[in-house]
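Working notes for the structure below.
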């Protein structure tokens, strides 16, 4: 690999085949969510002329990406072009002609996983998100499987992935009963706390602004003993939130979320407000 990224260590834990399978899982979950939203009729009157056609076309495009991801995975696991083409009503050479560029692009991206934008400061990933930052995607997909599909298995997605080496012990990130942590921008902290209160069915005694002010006064990110603690007692679940402010970033730890749906929402908030 010629270019370093913050996620190299996480990525190195997995074989390229496992990462291809993770990308396939990620695409499948996205397609499921997109198609599911199209099944809802409640808000049809608010969509513009042709709006549902636009959504259906987007789902179809997502399905095309899913097929490409499946082909890449099958090539990584050793399937021949003839094997792949058979399931697509294509000959082996026709399947190769259609999908070989995507497979080559996938493999080349491991040598140069990102490029810089015109300013030279922002990284633009060349790998799919699931392969570029696998730890975060694994955590969210395990939660997604529990919340959306109903699997009572905390490693429903990650459990079948192969480690990077045959003799490497499988150690997957916990997805239930543990803390969820991340960092968000300070201007977003108030909105984060407001949404978290809503998700936890909590009526806050203090405004989000008050919580932020106390966290800024007392906390130091490098010293966890000084982090500001905030209890969010909800109707069904109680959360323990710990905050530390450093410049314009806030380190956040949320403990106490037990339902997969709530954990998925918390993880999503941390991703959105980063």
Worksheet item: What ranking do 110, 273 get, fewest neighbouring Cβ atoms within 10 angstrom at the top?
Response: 110, 273
Worksheet item: Could you put 122, 154 in order, starting from the residue whose Cβ has the fewest other Cβ atoms within 10 Å?
Response: 122, 154
Response to the item:
Cα gyration tensor of the range 1-125 diagonalised, 5x eigenvalues square-rooted, in angstrom largest first, produces semi-axes 30, 23, 14
Discussion item. At a 10 Å Cβ-Cβ cut-off, how would you order 91, 197, 251, fewest neighbours first?
Written reply: 91, 197, 251
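The numbers here are math on the coordinates, done by the rules we state, and not lab data. A quick note: this is a predicted structure, and the numbers were derived from the prediction, not measured. Heads up, the Cβs are rebuilt from the backbone with ideal geometry, glycines too, and the neighbour counts pull from every protein chain shown.
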